[in-house]
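So the structure is just underneath, and the comments pick up after that.
Please treat every number below as a calculation from the coordinates, not as lab data. What you are looking at is a predicted structure, and each value in this text was computed from that prediction instead of being measured. Every residue, glycine among them, receives a Cβ derived from its backbone with ideal geometry; neighbour counts consider all protein chains shown.
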Amino acid sequence: MAGDSSLFIIDVLPDDFYEKRHLPTARNACIYEIEFLEKAAMLVPDKTAELIVYGQNDCFEAAKLAC
């Protein structure tokens, strides 16, 4: 994943979780925020880019976004 500019990692947990611990290149867009879709679209402007969505453990948030 290192150095691959076509790969985006989105952490979908709330900001306080993201601030405490996240992958080094991950960007944060909390799925619980009203402006989530707009924020995610700004973070990943290339709609053909590969996207990894993650949260925590058996993450309901990441699974919900993937649908």
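Results, tabulated for the structure shown:
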{"read-out": "Gained length - Glu19 relative to Leu37, 0.36 nm times residue gap less alpha-carbon distance", "value": "4.5 nm"}
{"read-out": "Around Pro45: net Lys/Arg minus Asp/Glu count, Cβ-Cβ under 13 Å", "value": "+1"}
